[in-house]
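We did not get these values from a lab; they are worked out from the coordinates using the rules stated. The shown structure was predicted, so the numbers you read here are calculated from the model rather than taken from an experiment. Cβ placement follows ideal geometry from the backbone for every residue including glycine, while neighbour counts extend to all protein chains displayed.
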């Protein structure tokens, strides 16, 4: 039987809400429960796994950032290094779940399965998806233990398994909020607990990542994201650089163009050693293909802007120059 570490960080999955019909107010006022109390609301899964609760924090996802990511990475690493632990489930708010998951995907050196698990409705509400997502995460871990094919960090919601690299939250309240708009899900957890595999990740992650060195301070390197709209000037981009940003992900118009003002500012800042990643507002096909005029920027691949920011943080922390950053983006 699989032994699974169950790490609590907070979020909707851990919120007791105000009652059985509280689908909104809990976001501002609901109490966040301790890890053991959350487990007490979950179904009996003793026939599936031996659950080992590990307390971490009781946060709303909007309070999670790089400092918390690194602390969590150290906790997860200590768990996966335990030979008695077969996998890890981390409950987390869905607001920034995809970012936490991708950070761990690049940071934790392991071949063991890690699931960052969320819910769209508190476990105390009618029709909550928390318990079902929890059970499906255990089915995924059991499948992973049997098959032994490393998939890195994943999310499991609405019976779908998504790679941390590709997943994004695309809706506010529906149960199928997490999708991989460009690549599609990795797998499906069927009603009988079996798992149908569609694909495995091909980019570097976890045990093949070069960013699994000892503890770092990711918040020490500022990387910002600047979103673009028609007629935008360079005020936000300039402000980010003035605030100390060493890298900026510029989210341009599909297929990766900018307003004249922002184009001018990009060239200026790039010439002063600020690494600019050119991204796109496109959701399903965001890959920036090489073309004339992009030599002064790093071309984003099919990462979301928020994922591109995390990868750029790691690259800059490793001391990569612009050409090296492009190679990192191509491999991850």
Rounded to the nearest Å, the spacing of the alpha-carbon centers of the range 17-43 and the range 115-158 is 18
Rounded to the nearest 5, what % of DSSP beta bridges with both residues in the chain are antiparallel? 30
Checking rank on 158-164, 82-88, with mean other Cβ inside 10 Å and highest first, the result is 158-164, 82-88
Going by a ≥ b ≥ c, the root eigenvalues of the Cα gyration tensor, does the range 120-204 fall in the rounded group (a/c under 1.5), the prolate group (a/b larger than b/c) or the oblate group? oblate
Expressed as an acute angle from 0 to 90° and rounded to the nearest 10, what is the orientation of the C-alpha long axis of helix 305-317 relative to the principal long axis of the chain? 80
Alpha carbon centroid spacing (whole Å) that separates the range 184-235 from the range 256-280: 23
Kindly state, to the nearest 0.05, the FRET efficiency for residue 46 paired with residue 243, given R0 = 35 Å and r defined as their beta-carbon distance. 0.10
So what is the relative contact order of the chain, in percent, for Cα pairs below 8 Å that sit 6 or more residues apart? 14
Under the classification rounded if a/c is under 1.5, otherwise prolate if a/b is larger than b/c and oblate if not, where does the range 221-331 fall, given a ≥ b ≥ c as square roots of the Cα gyration tensor eigenvalues? rounded
May I ask for the angle, rounded to the nearest 10°, between helix 66-80 and the longest principal axis of the chain, with both axes built from Cα atoms and the value confined to 0 to 90°? 50
May I ask for the angle, rounded to the nearest 10°, between helix 97-107 and the longest principal axis of the chain, with both axes built from Cα atoms and the value confined to 0 to 90°? 80
Quick check: residue separation of residue 174 and residue 126 times 0.36 nm, minus the Cα distance between them. What number comes out in nm? 15.9 nm
Percent relative contact order of the range 257-332, based on C-alpha pairs within less than 8 angstrom and at least six residues apart? 24
Computed over the range 132-201, the relative contact order (Cα-Cα under 8 Å, seq sep at least six) in percent reads 29
Order of 14-24, 221-231 by packing, highest average Cβ count within 10 Å first? 14-24, 221-231
If packing is taken as the mean number of other Cβ atoms within 10 Å per residue, what is the order of 244-254, 169-179, 110-120, 58-68, highest first? 110-120, 244-254, 58-68, 169-179
Take the alpha carbon gyration tensor of the range 2-208, find the square roots of its eigenvalues, order them as a ≥ b ≥ c, and report rounded if a/c is under 1.5; if not, report prolate when a/b exceeds b/c, else oblate. rounded
